[in-house]
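This report concerns only the one structure given below.
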Amino acid sequence: MLNSHLRGGGTDIQCLALAKGLAHQGWEVEMAGPQSAPLSAGVPSLQILPKFRPLQIFALAALLRRSRARIVHAHHGDDYWTALLASRLAQPRPLVVFSRHLAKSPRSFFSRQRLFAEADAVIAVSSFVAQVLREGHRDPASPVAERHHRPPCRIDSRKLHVIHTGIDTKTFFPRERAFTDAARRKLGVGLGETVFGVVGGFDLPVGKGQRVFIRAAREVVRHLPKSKFLLAGTGTMASTLEEDIRHHGLQGRVLLIGQQPDPLALHHALDILVHPQIATEAFPSVVLEAHACGRPVIASRLDGIPEAWGIGGLGHLVPAGDTAELAATMLGQAEHPAPSEPERSAAHARVEAQASLPVQARKVADLYRRLMAR
């Protein structure tokens, strides 16, 4: 596994989880990455790569020769060329696999024409990501520039495989009422309050659509006075969001609660997860986590979000960026009875069967076997 980041983002967490899942199935997995990144200390027997990219290529090639690796698997876009070039310098030459975690095309024309065509296999984390790679995608009316035009890439469709990223369904599962009550008290939620929340980073320019959520909260409060709105995460938009809260008179109603150390408790503290994304989105794990906990999700009907939402199937999809529709749907969901215990269990079972970590690891292992047999 090649990962030159290990900073703690979703791609890094998925990479480490996949490595662990493959190891549980009996595969010998080594991780090559930086020495001093936030997640590096938690990687057993990490193979250290230098920071300078050209040196990484030669260091990785030496590692591949020494270990006689059968496969080198890269997860970040800026690691793809490193994996390809290092594999060409190693004998026996390992197979090269890319995981594509982004619903975007590479920026350079050369990479779009050569990168995926040279790999032995490309794993797209959703069918929408596979569509972007094969056909591209255009959304010129979007307020987000990165959505206007995503050009296609040259890729043999036989090399392209859709394998959903998985979540730990042994961590995320429905809990008893006492657990939920304790989680809500810890976050200062009052008795009888309906709690909506957005979970995710909010870096410029648009984060996960948190500003849309705040505007919708203003409308919801008018009809549902006993409601609270939580923004969990960190990012460069913090001051902008705080100004939005003041501008709409939502102090004490909309709260920035930072990065939460216990994501299970956070999901159970919410009555409804809202995922109001307006930028690109490949396959949101947070939607799977909420559904695995038996929580309804209101999410944007955009990119790979409906694919993730459709597995658990609790809640509603809404047009991206439509504040009025989002507010109306939030009110409607709040007035609807919470999912029953059988409904929560069924949602968890669907996520476990289709998008859990063991399922993902098994599908990737099957792909490895087919590649090596061929």
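Every number here is computed from the coordinates shown, using simple stated rules; none is lab data. Everything quoted here is computed from the prediction, not taken from an experiment. Don't worry about glycine lacking a Cβ; one is built from the backbone with ideal geometry, like all the others, and counts go over all protein chains shown.
Counting other Cβ atoms within 10 Å as a rough exposure proxy, the listed residues SER105, SER111 run SER111, SER105 from fewest neighbours to most. Across segment 177-354, Cα pairs under 8 Å and at least six residues apart give a relative contact order of 23 percent. Taking θ as phi - 60° and the Karplus parameters 6.51, -1.76 and 1.60, the scalar couplings of segment 61-66 work out to 4, 5, 4, 5, 5, 5 Hz in sequence order, x denoting glycine and proline. Based on every Cα atom in segment 45-102, Rg and the maximum pairwise Cα distance Dmax equal 10.7, 32 Å. State, as an integer percentage, the relative contact order of the chain based on alpha-carbon contacts under 8 Å between residues 6 or more apart. It rounds to 15 percent for the chain.
For the chain, give the magnitude of the charge dipole about the Cα centre (Cβ charges: +1 Lys/Arg, -1 Asp/Glu; no others), in debye to the nearest 20.
Roughly 1140 debye, rounded to the nearest 20.
Along the positive direction of the dipole of the chain (beta-carbon charges: Lys, Arg +1; Asp, Glu -1; about the Cα centre), which of ALA119, SER67, ALA141 reaches farthest? Positive-end residue among those listed: SER67.
For the set LYS186/LYS208; LYS51/LYS159; LYS51/LYS170; LYS51/LYS104; LYS170/LYS228, the pairs lying more than 32 angstrom apart at their alpha carbons are LYS51/LYS170. Between amide H atoms placed 1.01 Å from N, distances below 5 Å from LYS228 occur with THR194, VAL195, PHE196, all of them 5 or more places distant or on a separate chain. Spherically averaged projected area of the convex hull of Cα atoms, segment 71-125: 3.5 nm². Across q = 0.06 Å⁻¹, the chain modelled as identical point scatterers on its alpha-carbon atoms has Debye log10 I(q)/I(0) values of -0.24, in the order of the q list.
Taking the number of Cβ atoms within 10 Å of each Cβ as an exposure proxy, the fewest-first ranking of MET330, MET237 is MET237, MET330. Return the calculated 222 nm mean residue ellipticity for the chain, to the nearest 500 deg cm²/dmol, obtained by summing -39500 (n - 2.57) across DSSP H runs with n ≥ 4 and dividing by the residue count. Calculated from helices alone, the mean residue ellipticity at 222 nm is -13000 deg cm²/dmol. Computed as a quarter of the hull surface, the mean projected area of the alpha carbon convex hull for segment 314-362 stands at 4.6 nm². Identify the GluC sites (Glu not before Pro) of segment 143-197 meeting these criteria: DSSP loop state and at most 16 other C-beta atoms within 10 Å of the C-beta. Passing sites in segment 143-197 are GLU176, GLU193. The separation of segment 288-333 from segment 140-186, counted between C-alpha centres, amounts to 12 Å. Amide H contacts under 5 Å for MET31: GLN47, restricted to partners 5 or more places along the chain or on a different chain, H placed in the peptide plane at 1.01 Å from N.
Were the residues from GLU146 through LEU55 laid out at 0.36 nm apart, the gain over their Cα-Cα distance would be 29.6 nm. The phi torsions of segment 129-144, fed into the Karplus equation with coefficients 6.51, -1.76 and 1.60 and a -60° offset, translate into couplings of 4, 4, 5, 4, 5, 7, 10, x, 7, 10, 8, x, 7, 5, x, 9 Hz, rounded to whole numbers, with Gly and Pro shown as x. Overall, segment 55-214 carries a charge dipole of about 400 debye about its Cα centre when +1 sits on the Cβ of Lys and Arg and -1 on the Cβ of Asp and Glu, all other atoms neutral. Under the combined filter of DSSP loop state and at most 14 neighbouring Cβ atoms within 10 Å, segment 184-226 retains none of its chymotrypsin sites (Phe, Trp or Tyr not before Pro). Around the Cα centre of segment 177-354, unit charges on the Cβ atoms of Lys, Arg, Asp and Glu (plus for the first two, minus for the last two) sum to a dipole of about 500 debye.
For GLN260, the residues whose modelled amide H falls within less than 5 Å of its own, excluding neighbours fewer than 5 places apart on the same chain, are GLY233. Counting Cα-Cα pairs of segment 177-354 in 5 Å increments starting at 0 gives whole-percent bin shares of 1, 9, 19, 23, 23, 16, 7, 2, 0. With Cα atoms as the point set, the radius of gyration and Dmax of segment 194-285 evaluate to 12.4, 35 Å.
What angle, in degrees between 0 and 90 and rounded to the nearest 10, separates the Cα long axis of helix 177-186 from the longest principal axis of the Cα atoms of the chain? So the inclination is approximately 90 degrees.
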